[in-house]
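Here the structure comes first, spelled out in structure tokens, and everything after it is commentary.
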Amino acid sequence: MKKLEYAELHEAFDPKFKELMKLIRGSAKTSVFTGAGVSTLSGIPDFRGKHGVYNTLWHNMSVEEILNIDFFYEHPDIFYRWAGDVWYHLEEYEPNIVHLTLAKMEKKRYVRDVFTQNIDFMHQRAGSENVYELHGSARHAYCTRCHKHYDYKDIAPIAREHKVPYCNCGSPIKPDIVFYGEALDHTTMLRAQNSFENCSLCLILGSSLTVYPASTYPALAIRRGIPTVVVNAQQTGLDSSATLCFKDLEQVFSAIAQEIEK
């Protein structure tokens with residue numbers, strides 16, 4: 001068996017995991033918050049990590065500049081030259097143990113909903129139904145003029161050729177992802193606020209909780225005294241207030257997967 005990168009020794013892990021399973025089994029309304037660490041288990045590049053795609057210059061341009069909404073409208077060709085290699089090969093990856101176990105937990109009523117910062121729609125591919133994408137998703141796109149909707153499969157082949165996909169009306173098509181300068185979807189924000197304020201257990205998975213405003217929602221559970229569990233390789237700003245903290249997502253969810261099948 002391969003060594004898990006951040007795995008804890010059994011003497012440290014086992015007592016905490018036993019407490020985690022008590023919390024999961026005793027919770028009727030578990031809300032889950034997922035970040036890039038969940039996707040990297042599938043091999044998807046880390047966008048915002050220390051060596052992430054977003055921290056690397058592309059042709060002497062920052063990714064923040066390329067992903068600015070005003071820049072997109074002025075230079076969709078540059079955006080798709082970049083995005084064709086970064087966002088449009090998602091079908092080459094598969095859901096991992098975290099995605100698959102969360103989907104099983106939802107079916108067994110251990111999980112109520114999943115709010116994700118990720119745009120890769122892996123949760124849906126794994127079988128989760130109550131998924132809310134805080135930063136949008138590459139699954140969908142729309143015309144910037146007539147707002148006709150398109151699917152990933154319509155856009156990806158064109159983007160992979162580093163070409164701009166155009167609508168029938170002649171206008172560029174934009175992925176339904178929140179760019180810099182755009183606000184998060186208001187309905188999704190309200191749903192997240194309600195979920196984390198009224199859940200009975202909050203799971204924070206693979207997120208450093210540094211991207212505003214999405215990162216503020218799990219903190220609502222902490223403020224209300226709701227049990228909160230963090231599973232993330234690096235420390236987060238909520239670790240000191242969390243009920244339990246783990247480092248290794250694969251270690252935790254491999255163990256959960258075995259437990260919920262008993």
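The figures follow:
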| read-out | value |
| --- | --- |
| Residues H149 and A7, FRET efficiency given R0 of 30 Å [Cβ-Cβ distance, rounded to 0.05] | 0.10 |
| Extreme residue, positive dipole direction of the chain, given options G84, T40, L238 (C-beta unit charges) | L238 |
| Degrees separating the helix 249-260 axis from the principal Cα axis of the chain, which is the longest one | 60 |
| FRET efficiency for Q234 and R191, using Cβ-Cβ distance with R0 set to 30 Å, rounded to 0.05 | 0.65 |
| Loop trypsin sites (Lys or Arg not before Pro), segment 101-156, which have at most 16 other Cβ atoms in a 10 Å radius of their Cβ (DSSP) | K108, R109, R145, K148 |
| Set of aspartates and glutamates with alpha-carbon distance to K247 below 20 Å, sequence-local pairs under 8 removed | E5, E8, E11, D14, E19, D46, D239, E259 |
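Bear in mind that the values in this text are calculations on the coordinates, not laboratory data. Quick caveat: nothing in here was measured; it's all calculated off a predicted structure. Neighbour counts run over all protein chains shown; Cβ positions are idealised from the backbone, glycine included.
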